[in-house]
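The values are calculated or read from the model by the stated rules, or taken from the named source; none is laboratory data. Keep in mind it's a predicted model, so treat the numbers as computed, not measured. Virtual Cβ from ideal backbone geometry, glycine too; neighbours counted across all protein chains shown.
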Amino acid sequence: MSISLENAMSLFLEAISHFGELHVTEDELDWLHQACPYFARDYLDYLRDLRFKPEQVKVTFTPQSEDQNLGRVEIEATGLWVETILWEVPLMAVLSELHFTTGDTDWNYDGQEELAYSKGKQLLEAGCIISEFGTRRRRSYHIQDLVVQSLLKVAKDLPDLGGKVMGTSNVHLAYKHKTNPIGTIAHEWFMAVGAIHGYDNANGKALDLWETTYPNVLLLALTDTFSTEAFFQDFVQDPARARRWRGLRQDSGDPYVYAPRAKEIYQSMGIDHREKMIIFSDAVNLDKALRLKKQCDEIGFQSSFGIGTFLTNDFCSLSSGGREKSKALNMVIKLNNVGGQHCVKISDELTKNTGDPDTVRRVKKIFRITI
């Protein structure tokens, strides 16, 4: 049964108010130290004392039709970056779950465990290396928990399929199910570095700062914050760094032109692309993963797939008899400004830009983006 928007927003604000009660346990910290040895001890000590500050979050709703229950939810978290960076994932996950438990309730969990197992089996049979990336837009905590268990069960039941389940981006579920916590650099790292240090060589500066903190680990470069071509302009300036970095991550635009272009870039630096990996994480589903795996095999790249919504929010509506999809929420949270400087994102969908329009135009001019 659905409830009014007013009540739903009240529940959302109440959920946010309880975030201040959360804290990491000593068992979790001990596990994190073992699972992620690249985290410095002083960072783990920081996490021990860290508490969310609900007062940092402001939520507003703007109706956009005659139906007062339809409109735009805006969420703003303001404070020190080291604190506010942690709000994005849980806020989106909570908002999605509230929507699908109080608003759109035309669905159920029937068949979801079998569906997740089947997807995992087909991916592993094709030799795909996969990670579960579905926290932010999951339908609920329960479905993500079920998906992670199902993927791990496939890997255990059928160890000779050829593919591999690397883990999950949800650190809590990685801890709970004794698997690997998996992730890569976020767009906001590049966005902030550009805003703070300037956009000339912003991608290269971001990579260098990251590598200083995490030498020899976590070296998969996200390429599309200011467009992949802009990234490659910086990337080719330092072939030694390109050799050190494990590979690239594709997260927007046409995924089928990505590997051929990346091969050209590596070859221009005299680097054997067959030693490199591409991780695909943009709306990956079964068909896309299988096609990209085949393409990368033919070109010579190693490939991996970060799969989110396809695993944790793939439902059909009950009222349609299962014939129509029950769509996931369309939502995003991005860094808006840092130190008073506007932050922008210009993905490989070049007409889809995030941030202050004047700053977007200025950054596009710097990177010679004409669209």
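If you go through segment 26-67 one residue at a time, how many are within 25 Å of the chain's Cα centre (by Cα), farther than 19 Å from residue 87 by Cβ and polar (S, T, N, Q)?
Selection size over segment 26-67: 1.
Within segment 48-165, which helices (runs of 4 or more DSSP H) (wholly inside it) include 3 or more residues that are free of Cβ contacts under 8 Å to residues at least 40 places away in the same chain and surrounded by 13 or more Cβ atoms within 10 Å (Cβ to Cβ)?
Because the criterion is at least 3 residues that are free of Cβ contacts under 8 Å to residues at least 40 places away in the same chain and surrounded by 13 or more Cβ atoms within 10 Å (Cβ to Cβ), the helices (runs of 4 or more DSSP H) in segment 48-165 that meet it are 112-125, 141-157.
If we keep just the residues of segment 252-280 that are small (Gly, Ala, Ser) and under 25 Å from the mean Cα position of the chain (by Cα), which is surrounded by the fewest Cβ atoms within 10 Å (Cβ to Cβ)?
Among residues in segment 252-280 that are small (Gly, Ala, Ser) and under 25 Å from the mean Cα position of the chain (by Cα), the one surrounded by the fewest Cβ atoms within 10 Å (Cβ to Cβ) is 253.
Need a quick list: helices (runs of 4 or more DSSP H) entirely within segment 220-280 having at least 2 residues that are closer than 16 Å to residue 207 by Cα.
Helices (runs of 4 or more DSSP H) meeting the threshold: 228-235, 239-244.
Taking segment 1-48 on its own, how many of its residues are more than 30 Å from residue 216 (Cα to Cα) and among the β-branched types (Val, Ile, Thr)?
Going through segment 1-48 one residue at a time, the tally reaches 2.
Scanning for something closer than 22 Å to residue 245 by Cα, of a type in the set (Gly, Ala, Ser), touching a strand residue (DSSP E or B) at 6+ places or on another chain (Cβ under 6 Å) and at pLDDT 95 or above, does segment 304-315 turn up at least one residue?
Looking through segment 304-315, at least one residue is closer than 22 Å to residue 245 by Cα, of a type in the set (Gly, Ala, Ser), touching a strand residue (DSSP E or B) at 6+ places or on another chain (Cβ under 6 Å) and at pLDDT 95 or above.
I need every pair where a residue in segment 349-363 that is closer than 17 Å to residue 192 by Cβ has its Cβ under 6 Å from the Cβ of a residue that is surrounded by fewer than 15 Cβ atoms within 10 Å (Cβ to Cβ), sequence separation at least 6 or different chains.
Hits for this filter: 354/334.
If we scan segment 347-365, do we find a residue that is surrounded by 14 or more Cβ atoms within 10 Å (Cβ to Cβ) and in contact with a Leu (Cβ under 8 Å, 6 or more places away or on another chain)?
Checked segment 347-365: no residue is surrounded by 14 or more Cβ atoms within 10 Å (Cβ to Cβ) and in contact with a Leu (Cβ under 8 Å, 6 or more places away or on another chain).
Could you check how many residues of segment 281-314 are of a type in the set (Asp, Glu), assigned to a helix (DSSP H, G or I) and within 14 Å of residue 255 (Cα to Cα)?
1
Need pairs with beta-carbon distance below 6 Å; first residue in contact (Cβ under 8 Å) with a residue 40 or more places away in the chain and within segment 249-267, second part of a helix (DSSP H, G or I) and surrounded by fewer than 19 Cβ atoms within 10 Å (Cβ to Cβ); sequence gap 6+ or separate chains.
The qualifying pairs are 259/295; 259/299.
Exactly one of these conditions fails for residue 334: (1) touching a strand residue (DSSP E or B) at 6+ places or on another chain (Cβ under 6 Å); (2) over 17 Å from residue 226 (Cα atoms); (3) surrounded by fewer than 16 Cβ atoms within 10 Å (Cβ to Cβ). Give me its number.
Among (1) touching a strand residue (DSSP E or B) at 6+ places or on another chain (Cβ under 6 Å); (2) over 17 Å from residue 226 (Cα atoms); (3) surrounded by fewer than 16 Cβ atoms within 10 Å (Cβ to Cβ), residue 334 violates only (2).
So in segment 1-36, with the set limited to residues that are surrounded by fewer than 12 Cβ atoms within 10 Å (Cβ to Cβ) and of a type in the set (D, E, K, R), which one is modelled with the lowest pLDDT?
Among residues in segment 1-36 that are surrounded by fewer than 12 Cβ atoms within 10 Å (Cβ to Cβ) and of a type in the set (D, E, K, R), the one modelled with the lowest pLDDT is 6.
Can you find, within segment 198-207, the residue that is nearest to residue 342 (Cα to Cα) among those that are surrounded by 14 or more Cβ atoms within 10 Å (Cβ to Cβ) and more than 19 Å from the chain's Cα centre (by Cα)?
Only one residue fits best here, namely 199.
Select, from 344, 338, 332, the only residue that is of a type in the set (Val, Ile, Thr), more than 26 Å from residue 165 (Cα to Cα), within 18 Å of the chain's Cα centre (by Cα) and at pLDDT 95 or above.
The unique qualifying residue is 344.
Looking at 185, 130, which is the one that is more than 20 Å from residue 39 (Cα to Cα) and within 17 Å of the chain's Cα centre (by Cα)?
130
Taking segment 174-219, which residues are outside any loop (DSSP other than H, G, I, E, B) and touching a residue at least 40 places away in the same chain (Cβ under 8 Å)?
Scanning segment 174-219 gives 174, 175, 181, 187, 188, 191, 192, 194, 195, 196.
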